[in-house]
Amino acid sequence: MERKQAPILMANAATDQIGERVKKYRRLRNLSQEELAELSSLSVRTIQRLEKGESIGSPYTLRTLATSLQISPDELMAPLAASGPNLHPTTLKYLLILNWSALAGIVAPLANIILPAILLWRRRHDQTVQAHGRQMISFQILWTLVTLGMMLVIPLLLTGLSMLVGGPFPMFIPVYFICLIVNVFFLFRIALHLPGPSPFLNRLPKFL
């Protein structure tokens, strides 16, 4: 009985791994299931079954998906435990530069968005850089909006604190400093997840 169950368990594991790989590379390209279905000319149901581990997919299906995801069929069937997407060292280095370029916002306002956007535009034909870069810039846009929102609240806080301390209190300084620390912290998190997609970025709204 155990010998008969072993191939079944291995087949189920392979099915789950392929499904996870399809989902991982789809998210890396910032594609929805519907968009991937349109690119690959496959049905949404086929992609859903693959990602849920309900189907291992035919060789044609896997080749078609691999082409649409800009990877090789072998990468879809590689062990899930393998390290993230295989990126050329030059591409990985460029993504790290793009990520850390957001620190330019310390020197000039909005440079944390403008400089990464320029770097992204320079590699506008590289789909891998585009997928990662748009997520990174979306985070910087979100961070900037949240920081500005907090800065707008400062006048209200200043009124109360001025009454307590008997004079003007520069509240914007500690608020901006805390926001800056948060930004640097998440820049480290993004860099550590490269070359794979960052789960943190996948949960954020996309502005690009």
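Odds and ends about this structure:
- Residues in region 17-36 that are under 22 Å from Arg203 (Cα atoms), open to solvent by less than 80 Å² (accessible area, probe 1.4 Å), free of Cβ contacts under 8 Å to residues at least 60 places away in the same chain and not basic (Lys, Arg): Gly19, Val22, Leu31, Ser32, Gln33, Leu36.
- Scanning region 52-80 for residues that are outside any helix (DSSP H, G or I) and either closer than 15 Å to Gln17 by Cα or at pLDDT 80 or above (or both) yields a total of 13.
- Residue match in region 121-143 (condition: at pLDDT 85 or above, farther than 25 Å from Ala66 by Cβ and in contact with a Lys or Arg (Cβ under 6 Å, 6 or more places away or on another chain)): yes
- Look at region 95-122: where a residue is at negative phi and open to solvent by less than 10 Å² (accessible area, probe 1.4 Å) and a partner is hydroxyl-bearing (Ser, Thr, Tyr) and in a helix (DSSP H, G or I), sitting 6+ places away or on another chain with Cβ atoms under 6 Å, you get Pro116/Ser101.
- Scanning region 41-64 for residues that are closer than 15 Å to Glu75 by Cβ and within 25 Å of the chain's Cα centre (by Cα), we see that the one that is surrounded by the most Cβ atoms within 10 Å (Cβ to Cβ) is Leu50.
- Residue list for region 123-146, restricted to those being surrounded by fewer than 16 Cβ atoms within 10 Å (Cβ to Cβ) and among the β-branched types (Val, Ile, Thr): Val146
The values are calculated or read from the model by the stated rules, or taken from the named source; none is laboratory data. Please read all numbers here as calculations on a predicted model, not as lab measurements. Here the Cβ is made from the backbone with ideal geometry for all residues, glycine too, and neighbour counts use every protein chain on show. Ligands, DNA and RNA are excluded from the accessible area calculation, which covers all protein heavy atoms including side chains. Shrake-Rupley method; radii C 1.70, N 1.55, O 1.52, S 1.80 Å.
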